1. Could you list, in sequence order, all residues of region 49-101 that are buried (at least 22 other Cβ atoms within 10 Å of the Cβ), without any contact (Cβ under 8 Å) to a residue 40 or more places away in the chain and of a type outside the set (A, V, I, L, M, F, W, C)?
2. Identify, please: which residue in region 240-255 is surrounded by fewer than 20 Cβ atoms within 10 Å (Cβ to Cβ) and at pLDDT below 70 and is, among those, nearest to CYS188 (Cα to Cα)?
3. If I go through region 121-133 residue by residue, how many of them are out of contact with any Ser or Thr (no Cβ under 8 Å at 6 or more places or on another chain) and in contact (Cβ under 8 Å) with a residue 12 or more places away in the chain?
4. Over 17 Å from the mean Cα position of the chain (by Cα) and in a strand (DSSP E or B), is that true of ARG181?
5. Quick one: which residue in ALA145, ALA156, ALA170, ALA133 is outside the structural domain of VAL52 (by TED's automatic domain parsing), over 22 Å from SER120 (Cα atoms) and of a type outside the set (Ser, Thr, Tyr)?
6. From the set of residues in region 102-120 that are touching a residue at least 12 places away in the same chain (Cβ under 8 Å) and acidic (Asp, Glu), which is surrounded by the fewest Cβ atoms within 10 Å (Cβ to Cβ)?
7. Could we say that THR98 is in the same structural domain as VAL76 (by TED's automatic domain parsing) and more than 22 Å from ALA156 (Cβ to Cβ) here?
8. How many of the residues in region 52-91 are in contact with an Asp or Glu (Cβ under 9 Å, 6 or more places away or on another chain) and charged (D, E, K, R)?
Amino acid sequence: MPAWHAGVVLLELAGRHPLLRGNLRLQDRSRPELMIDARHLEFASPLDLAAVAALTHTHAVSGAEVTLLLPESRSVTSYLQRMDLLKHLPEEARVVGTLPHEVRNDHSANLLEVTRLKESAVGEVNQRIGFVATTHLGKRFGRQAFTGLGELIDNAVSHGASSLGAFITAQAYSGKTTGRRRLEVSVCDTGMGVLDHLRRNPQHSDVADSVQALERALSPRVSGTGEDRGNGLPDVLSGAKETAITSLILRSGNGAVTASHYREHIFTAYQHTTDRVTGTWAWLRVSFPA
C-alpha cells in the first residue's frame, strides 16, 4: 500500500498488476520527492508501465525528485528494462538497484515498448499495435480489437495534449496459461483530464465531478469539443463485441471506472478515489478464445 515518509511520496508497486487495483495516494504535490518502490513487484501490466512514465514526469515537472527502486526479481527488472520504462523516466530520475546485462531480441510481434505518444508518431504507433493485434488475434479479430484502440490513442493526442505528452505500451499474450489470447494496451496522458475536457463544451458544463465526467464520457456521442465524433469511448468496449471479452479501466482526476463487455452483457462500476490522477490513464484488454 502507498505510505508517507518525511518529505516523500512513496508509491509501492508490489505483487501482480498493482495499478489495476487499489488506490494511490498522490494528491499532495508539495512533497519534494516521489519514490516508487518496485522491489516486490512480481508482474507489470502495460498500465503499470505507462502510468509510471506519466506519473514520474508529472512530479518531475513540479520540481519533485524522482527515485525508482528496482524489483528484487531479476526477471521483472529485465522486463522493465526491455519495455524501455527506464529510458522514459525523467532525465533527473534516480534508479536504485542492479540492472542485468541486456540482450535485446526482436519482439515487435508481441509488444510495443513504452513510447512517448506525439501526434507525429501516431501513424507509426498504430502500425506497430496493428501488427501485434493481427499477429496474435488474426486479421478479423485483430482489426476489431483495433477499433477501440484508435479512440484511446486519439483521446490521448487530442484531448490529453500537454507539454509532457502521453505514454503508450502494449503486450500480447498467447493464451497458453490463461486459455485466451489477449491484447493489452495502456495509454496514459498528462493533460487536462476528462472533467475539464468535457466542461469546455457548454452542453456538459453541469458535470459536477470526475466520476460523473467518466459516466458522461462513456455515453454515445459525447465530446468536449462539440463535434459529432461518433460513439467515442463506447466504441472502445463494443469494437470487438462479437466474441471478445473487453475490459476497460479509466482513471482521471479522483474518479475511476471499470467496465467489461461481452456480447450483450455490460458491467460498469464507478468509484471516487482518495488520490487524484493528472490527465487520464486508460487500460484496455481484449480477449479471444485460444
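1. If the condition is that a residue be buried (at least 22 other Cβ atoms within 10 Å of the Cβ), without any contact (Cβ under 8 Å) to a residue 40 or more places away in the chain and of a type outside the set (A, V, I, L, M, F, W, C), then THR56, PRO71 are the ones that fit.
2. Looking at the filtered set, the residue picked out is LYS241.
3. The number of residues fulfilling the criteria is 5.
4. On the way: over 17 Å from the mean Cα position of the chain (by Cα): yes; in a strand (DSSP E or B): yes.
Yes.
5. The match here is ALA145.
6. Top of the filtered list is GLU102.
7. So THR98 fits the description; yes.
8. 4
The values are calculated or read from the model by the stated rules, or taken from the named source; none is laboratory data. Note that this is a predicted model, so its numbers are computed, not measured. Note that each Cβ is placed from the backbone with ideal geometry, even for glycine, and that neighbours are counted across all protein chains shown.
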